[in-house]
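> Got a structure for you, written out below as structure tokens; questions coming shortly.
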Amino acid sequence: MNDLLSTVDWSRAQFALTAMYHWLFVPLTIGLSLIVAIMESIYVRTGKERWKSITKFWMTLFGINFACGVATGIILEFEFGTNWSNYSWFVGDIFGAPLAIEGIVAFFMEATFVAVMFFGWGKVSRRFHLVSTWLVAVGVSLSALWILVANAWMQYPVGMQFDPAQMRNVMDDFAAVALSPVALNKFFHAVTSSWVVGGVFVIGVSSWLLWRKRNVEVARDSITIAAWVSLAGIIFTMWTGDGSAVEVARVQPMKLAAMEGLYDGKQGQELVGFGLVNPDKKPGDDKQAIFAEISIPYGLSILANHDMNSFVPGINDLINGVSINAEGDTINTVSYAERIAMGKQARTALADYGKAQAAGDSAAMAEAYTRLMPNYKYFGYGYLSAPEDAVPNVPMTFYAFRIMVIIGGYLLALALLGIVCTRWKAAWLEKRWFHIVGILSIPLVWVCSQAGWVLAEVGRQPWVIQDLMPTGVAISDISASSVQLTFWLFAILFTLMLAAEVSIMLRYINRTSKTDIINNSKL
């Protein structure tokens, strides 16, 4: 058992490592591809060669980042087979479909037109090259779509039916999987937040060029485009974030409760603006949950249900079976203790079904099936030892949400500042304070982006598939030592890859700060 727990922990750590490194590259790829496409559109529309030079400069940085994102993404998908084979078997028919579409359609679309994008200058017409650039931008977003559809299904499993004869889930409604409200909100939230990452990156690099007093015209034009892209991105991110909060309240209320460190809910629930989580707080005890709390009255009720007087359940409420339905009404549902009991009954019935199937006893199979299906929706709870096992890491979820929101507010201000500077206060672009703000915003936007993913993934623990499969059941039958070995190998490999990318980018940017982009045809 100790080796199993170690294997689970190391497998989770390895997947988290790969995913977080991968997400360093993906949002910049999505954001830069849009900005590059907009810049080339200006070049084609105006015919001004300086816009071609600006486009090629940012396109080179896009290409460096794109290659690293592809490498980490391939490894991430392979880990489902190497480390999470039980999960892959249990839902492979469903989870594999969007990933297959991503590989066949989106990735091949990117691979085809990215070659024209980089090597087609002067070999194809301007308009065909522009179309290729836009298709690359569309392709990277489509890649994100199908991957996020797969991820959203893990958090809200729909469009499937369990087949006890195969001991696995099979898809019976592809549209329900692809168009679920959780998937759509997750896709638009991730893509539009990536516009912010790309925009802030361009603002930060342009601030460095302004600091060095080289390519000032290029930097000003780049900030103009990047600021508007960032503003659009942060507005849409806030809008889709609101939609995501409503969906989380509906389908993952325990995640919402953990986000707020909320143990006992009420009508007109306030939203914690600032607070320190009590790490010793446990479900059911009388210890204070949040210290130094500063709250927004009615905030959580509005966020979750768009109703200031609505009830929002806390962790204790959910464990005891008090929740809200799709219409926002307070209801008594199945307590977590009852879910565990029903999950164990479902596991027993499935085992009996398997024995009857092996013996060719159709009557016993039918009887076991009759016992299995009413309890199957709580199948995963049968692997938990106590209701408290279904509570995610509250401090990590709580702080990740606030880091994301606070930095998001700062990035909104940065985008507005960029627009003000390029339209009305051009002299501010020459100020050292603006350069420092722009440069320091680059790491901050990635902290914000990573915090969002920590919130999404840690907040749904212990589930790999919500309510159906906990993490400890999803792993492969491999030794902890082998996972440890690959963890450290990947940690070294990814760190070297990131260091190489940053080094290449810095050298290219530094070289650019010493040359004239517009009049240097080699850039």
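The values are calculated or read from the model by the stated rules, or taken from the named source; none is laboratory data. Note that this is a predicted model, so its numbers are computed, not measured. Note that we place each Cβ from the backbone using ideal geometry, even for glycine, and neighbour counts take in every protein chain shown. Remember, those area values only see protein heavy atoms, side chains included, never the ligands or the DNA or RNA. Shrake-Rupley method; radii C 1.70, N 1.55, O 1.52, S 1.80 Å.
> Can you go through VAL140, VAL105, VAL91, VAL116 and tell me which one is of a type outside the set (Ser, Thr, Tyr) and under 22 Å from TYR21 (Cβ atoms)?
From the options VAL140, VAL105, VAL91, VAL116, the qualifying one is VAL140.
> Take the residues of the stretch 270-306 that are among the charged types (D, E, K, R) and over 27 Å from the mean Cα position of the chain (by Cα): which is surrounded by the fewest Cβ atoms within 10 Å (Cβ to Cβ)?
Step by step, filter the stretch 270-306, then rank; the result is ASP286.
> Would you confirm, using the coordinates I've provided, whether ALA258 is in contact (Cβ under 8 Å) with a residue 24 or more places away in the chain and either closer than 17 Å to PRO387 by Cα or open to solvent by 30 Å² or more (accessible area, probe 1.4 Å) (or both)?
The answer is yes for ALA258.
> Still on this structure, please answer the following. For the stretch 202-215, enumerate the residues that are more than 17 Å from PHE62 (Cα to Cα) and touching a residue at least 12 places away in the same chain (Cβ under 8 Å).
Within the stretch 202-215, SER207, TRP208, LEU209, LEU210, TRP211, ARG212, ARG214, ASN215 meet the criteria.
> Got a sec? Which of SER11, SER6, SER88, SER33 is in contact with a helix residue (DSSP H, G or I) (Cβ under 6 Å, 6 or more places away or on another chain), in a helix (DSSP H, G or I), small (Gly, Ala, Ser) and free of Cβ contacts under 8 Å to residues at least 40 places away in the same chain?
Of SER11, SER6, SER88, SER33, the one residue that is in contact with a helix residue (DSSP H, G or I) (Cβ under 6 Å, 6 or more places away or on another chain), in a helix (DSSP H, G or I), small (Gly, Ala, Ser) and free of Cβ contacts under 8 Å to residues at least 40 places away in the same chain is SER88.
> Just give me the residues in the stretch 161-173 being of a type in the set (A, V, I, L, M) and in a strand (DSSP E or B), in sequence order.
Residues satisfying the conditions are VAL170, MET171.
> For ILE492, state whether it is part of a helix (DSSP H, G or I) and touching a residue at least 24 places away in the same chain (Cβ under 8 Å).
Considered against the rule, which asks whether it is part of a helix (DSSP H, G or I) and touching a residue at least 24 places away in the same chain (Cβ under 8 Å), ILE492 comes out as no.
> Give the residue, chosen from LEU99, LEU145, LEU76, that is part of a helix (DSSP H, G or I), open to solvent by less than 50 Å² (accessible area, probe 1.4 Å) and farther than 23 Å from MET497 by Cβ.
The unique qualifying residue is LEU145.
> Mind checking which residues of the stretch 194-215 are assigned to a helix (DSSP H, G or I) and open to solvent by 50 Å² or more (accessible area, probe 1.4 Å)?
Within the stretch 194-215, TRP195, TRP208, TRP211 qualify.
> Here's a follow-up. Of everything in the stretch 102-126, what is aliphatic (A, V, I, L, M), part of a helix (DSSP H, G or I) and surrounded by 14 or more Cβ atoms within 10 Å (Cβ to Cβ)? Give them in sequence order.
Residues satisfying the conditions are VAL105, ALA106, MET109, VAL114, VAL116, MET117.
Each row is one residue, and each column tells you yes or no for (1) part of a helix (DSSP H, G or I); (2) more than 28 Å from PHE25 (Cα to Cα); (3) in contact with a Lys or Arg (Cβ under 9 Å, 6 or more places away or on another chain); (4) open to solvent by 30 Å² or more (accessible area, probe 1.4 Å).
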| position | (1), (2), (3), (4) |
| --- | --- |
| ALA358 | yes, yes, no, yes |
| TYR381 | yes, yes, yes, no |
| GLU388 | yes, yes, yes, yes |
| PRO392 | no, no, yes, no |
| ALA413 | yes, no, no, yes |
| ALA427 | yes, yes, no, yes |
| GLY438 | yes, no, no, no |
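> Here are ALA289, ALA304: which of them is within 18 Å of ALA249 (Cβ to Cβ) and at pLDDT below 90?
ALA304
> Pick from the stretch 216-235 the residues that are open to solvent by 10 Å² or more (accessible area, probe 1.4 Å) and of a type outside the set (A, V, I, L, M, F, W, C): which of them is modelled with the lowest pLDDT?
Across the stretch 216-235, the extreme among qualifying residues is GLU217.
> Check whether at least one residue in the stretch 153-160 is assigned to a helix (DSSP H, G or I), among the aromatic types (Phe, Trp, Tyr) and surrounded by 22 or more Cβ atoms within 10 Å (Cβ to Cβ), and report yes or no.
Yes, the stretch 153-160 contains at least one residue that is assigned to a helix (DSSP H, G or I), among the aromatic types (Phe, Trp, Tyr) and surrounded by 22 or more Cβ atoms within 10 Å (Cβ to Cβ).
> Return yes or no: is ALA456 in contact with a Ser or Thr (Cβ under 7 Å, 6 or more places away or on another chain) and either among the small types (Gly, Ala, Ser) or open to solvent by 70 Å² or more (accessible area, probe 1.4 Å) (or both)?
no
> Do we find a residue being over 18 Å from THR512 (Cα atoms), of a type in the set (Val, Ile, Thr) and out of contact with any strand residue (DSSP E or B) (no Cβ under 8 Å at 6 or more places or on another chain) anywhere in the stretch 216-227?
Yes: one or more hits.
> Are there any pairs, at least 6 apart or on different chains, whose C-beta atoms fall under 6 Å, with the first in the stretch 309-323 and open to solvent by 30 Å² or more (accessible area, probe 1.4 Å) and the second in a strand (DSSP E or B), and if so, which?
ASN309/GLN267
> Within the stretch 460-479, identify whether any single residue is in contact (Cβ under 8 Å) with a residue 40 or more places away in the chain, open to solvent by 50 Å² or more (accessible area, probe 1.4 Å) and over 30 Å from SER385 (Cβ atoms), and answer yes or no.
There is no residue in the stretch 460-479 that is in contact (Cβ under 8 Å) with a residue 40 or more places away in the chain, open to solvent by 50 Å² or more (accessible area, probe 1.4 Å) and over 30 Å from SER385 (Cβ atoms).
> Only one of (1) closer than 19 Å to SER141 by Cβ; (2) surrounded by fewer than 16 Cβ atoms within 10 Å (Cβ to Cβ); (3) of a type in the set (S, T, N, Q) is not met by THR46, so which one is it?
Result: THR46 passes all but (1).
> Residue check: is ARG423 at negative phi, at pLDDT below 90 and open to solvent by 20 Å² or more (accessible area, probe 1.4 Å)?
yes
> Taking interchain pairs and intrachain pairs at least six residues apart, which have beta carbon atoms under 7 angstrom, with the first residue in the stretch 265-278 and at negative phi and the second loosely packed, with under 15 Cβ neighbours inside 10 Å and part of a loop (DSSP other than H, G, I, E, B)?
GLN267/ASN309; GLU270/PRO297; ASN278/LYS287; ASN278/GLN288
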